[in-house]
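The values are calculated or read from the model by the stated rules, or taken from the named source; none is laboratory data. Just so it is clear, the model here is predicted, and its values are computed rather than measured. Backbone-built Cβ (ideal geometry, glycine too); neighbour counts: all protein chains shown. Just the protein is used for accessible areas: all its heavy atoms, side chains included, with ligands, DNA and RNA removed. Shrake-Rupley method; radii C 1.70, N 1.55, O 1.52, S 1.80 Å.
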Amino acid sequence: MNALIDRAVVEFDRALRSIAGLHRAQRPSPAAQVAEGELDDEDREHSAALMRVDHVGEVCAQALYQGQALTARDPGTRSSLERAAREEADHFAWSAERIRELGGRPSLLNPLWYAGSLALGIGAGLLGDRWSLAFLAETERQVEQHLRGHLERLAQADARTRAVVETMRSDEARHRQTAISLGAAELPEPAKLAMRAMARVMTAIAYRI
Ligand SMILES: [Fe+2]
Ligand SMILES: [Fe+2]
């Protein structure tokens, strides 16, 4: 019980940092070695809005992983979830930095996205590791698809944003594989559809607010 309370305190501290945007990346941003491209105002605005959507995704990813790490029963599963959560923290920091560079701002609704995803993560965790991992694997699959779509929509010249999105995409693909190798079940089709519908609403809102 004490161990659970300790973990909850650590996760709570992490949550506050996430919401405040205080996370420092452990890995340098993939954009660090890439020169800034020639972008007009419209490109910049579009890139900043897409990055805001990705940033919201990373807020949610961190909260999901934290919720699931809190409830994971198997210690091996828990440590894998924590490792992935640290990578999501990198994504979070990189996308926030890129939004700033582009002159945009993160979503005003981040505390709300965070709270909702944490609750979802804890809820999924309570169903047991196999279903919790199933939910995670499907989330990572949808996020990877979504980032692939953003690579198509970003201006070719925006090499710095593209570098960030491409690294995130390949990390998400690995996270999905990890969840599967840890024994994720396959989610029923209606659950996948519901998740996709929810993600569509979220991305439409985050592009603007
Ligand atoms: Fe991510
Ligand atoms: Fe991920």
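Descriptive notes on the structure:
- Residue in segment 72-94 that is open to solvent by 30 Å² or more (accessible area, probe 1.4 Å), assigned to a helix (DSSP H, G or I), away from ligand 1 (no atom under 15 Å from the Cβ) and modelled with pLDDT of 90 or more present: no
- When Ala157, Ala206 are checked against the criterion of being over 24 Å from Ala69 (Cα atoms) and surrounded by 21 or more Cβ atoms within 10 Å (Cβ to Cβ), a single residue qualifies: Ala206.
- Scanning segment 129-145 for residues that are touching a Lys or Arg at 6+ places or on another chain (Cβ under 7 Å) and among the small types (Gly, Ala, Ser) yields a single hit, Ala137.
- Beta carbons closer than 8 Å, at least 6 apart along the sequence or on distinct chains, never pair a first residue in segment 186-197 that is in contact (Cβ under 8 Å) with a residue 40 or more places away in the chain and aromatic (Phe, Trp, Tyr) with a second that is open to solvent by 40 Å² or more (accessible area, probe 1.4 Å) and part of a helix (DSSP H, G or I).
- Number of the exception - Leu193 against (1) of a type in the set (A, V, I, L, M, F, W, C); (2) surrounded by fewer than 18 Cβ atoms within 10 Å (Cβ to Cβ); (3) under 18 Å from Phe92 (Cβ atoms): (3)
- Residue within segment 27-50 that is of a type in the set (A, V, I, L, M), in contact (Cβ under 8 Å) with a residue 24 or more places away in the chain and within 14 Å of ligand 1 (Cβ to nearest atom) present: no
- Hey, Ala115 crowded, with 18+ Cβ neighbours inside 10 Å and either small (Gly, Ala, Ser) or in contact with a strand residue (DSSP E or B) (Cβ under 7 Å, 6 or more places away or on another chain) (or both) or not: no
- Residue in segment 99-115 that is within 16 Å of ligand 2 (Cβ to nearest atom), in contact with a helix residue (DSSP H, G or I) (Cβ under 6 Å, 6 or more places away or on another chain) and under 24 Å from Ser181 (Cα atoms) present: no
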